[in-house]
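What follows is calculated from the coordinates using simple rules that are stated; it is not laboratory data. Predicted model, so just to flag it, every value in this text is computed and none were measured. Methodologically, a virtual Cβ is constructed for each residue, glycine included, from the backbone with ideal geometry; neighbour enumeration extends over all protein chains shown.
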Amino acid sequence: MGLKRNVGLLEGLRYQGKGPMLTYILHRIGGLSIVIFVALHILASFLSNHAWGTSVGILINTIYEYWLFQIFIFFCALFHVINGLRIIILDLWPKLIEYQREAIWIEWFVFLPIYGIALFVIIRGGLGG
Amino acid sequence: MKAKPRTAPQKGFNFDYLMWLFTRLSALAMYLLAIVGVTAALLMGARQNMTVADLMRWAFMPNPNHVASTNIPNLEAWKGIFWNVMAYLMLFFAGAHGLHGLSNVLEDYISRTWVRNLLRGLVLLVWVLMSAIAISVIMTS
């Protein structure tokens, strides 16, 4: 890819990459979300250990213990983990790249039940057991 | 004036290739750590006393604080040197993997060389700082 990319954001969003493009975008969004979440999570634990930062730590804690946020972050983490496994398998055995679309189907079949179970547990807890 | 073309990445063992490899290998290492964490948690009574979400939280980072809110009666088995080492390994692999990923994404959208180098330095600084904070959190938990 050259340095000059005269592709605007809207034009880029209209790119018809379908399945592989979707996993690529979700992998990025998921990865960035995990980095931000984990950094805040570590900071909250650190602040909670000190008297001067307890209130800020508890504030961050209440955000990420909230069930709607858990639905989001579990999607990011589980998708990143399962999509990452597909990427590693295809990278280590390059001949399998021929079946990358099938690999993405298998990936969704693995991801949806696992995420579904986590979702069920989180929503049941969020609505009060 | 024509812009100077950017040189193509070199083949062989350079930094970018090593980090590409590290991203895959650190991910494999994290799968292994998570599998050990889940297996041990099931042996230590997770089936009766933890939810699936609690178990995943423990798998992502084996820290006793992640078990404190569950029905596990005694946290003794969930602490100690073994789990500390597991937590430090997870911290190292996840931190390096995640922050390298962050700089990778940033560099995809930035073409100026000096801005890229500046961001690389900043991300490296954030990695060192956050690792130090995280180590102190693990030590006090």
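Results for (1) on the phi > 0 side of the Ramachandran plot; (2) among the hydrophobic types (A, V, I, L, M, F, W, C); (3) within 14 Å of another protein chain (Cβ to nearest Cβ), shown as yes or no for each residue.
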site: B:D16; (1), (2), (3): no, no, no
site: B:L32; (1), (2), (3): no, yes, yes
site: B:A40; (1), (2), (3): no, yes, no
site: B:A46; (1), (2), (3): no, yes, yes
site: B:M50; (1), (2), (3): no, yes, yes
site: B:A59; (1), (2), (3): no, yes, yes
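Of a type in the set (D, E), free of Cβ contacts under 8 Å to residues at least 12 places away in the same chain and within 13 Å of chain A (Cβ to nearest Cβ): is that true of B:D54 in this structure? No: the conditions fail for B:D54.
Of all residues in the stretch B:82-141, those satisfying the criterion of being surrounded by 17 or more Cβ atoms within 10 Å (Cβ to Cβ) and over 15 Å from B:P62 (Cβ atoms) are B:G95, B:H97, B:G98, B:L99, B:H100, B:G101, B:L102, B:S103, B:V123, B:W127, B:M130, B:S131.
Looking at the stretch B:13-44, which of its residues are among the hydroxyl-bearing types (S, T, Y) and in contact (Cβ under 8 Å) with a residue 12 or more places away in the chain? Answer for the stretch B:13-44, where residues must be among the hydroxyl-bearing types (S, T, Y) and in contact (Cβ under 8 Å) with a residue 12 or more places away in the chain: B:T23, B:S26. The residues listed here are B:R116, B:R47, B:R120; of these, the one that is touching a residue at least 12 places away in the same chain (Cβ under 8 Å), assigned to a helix (DSSP H, G or I) and among the basic types (K, R) is B:R120. Scanning the stretch B:96-107 for residues that are facing another protein chain (nearest Cβ under 9 Å) and more than 13 Å from B:M19 (Cα to Cα) returns a single hit, B:V105.
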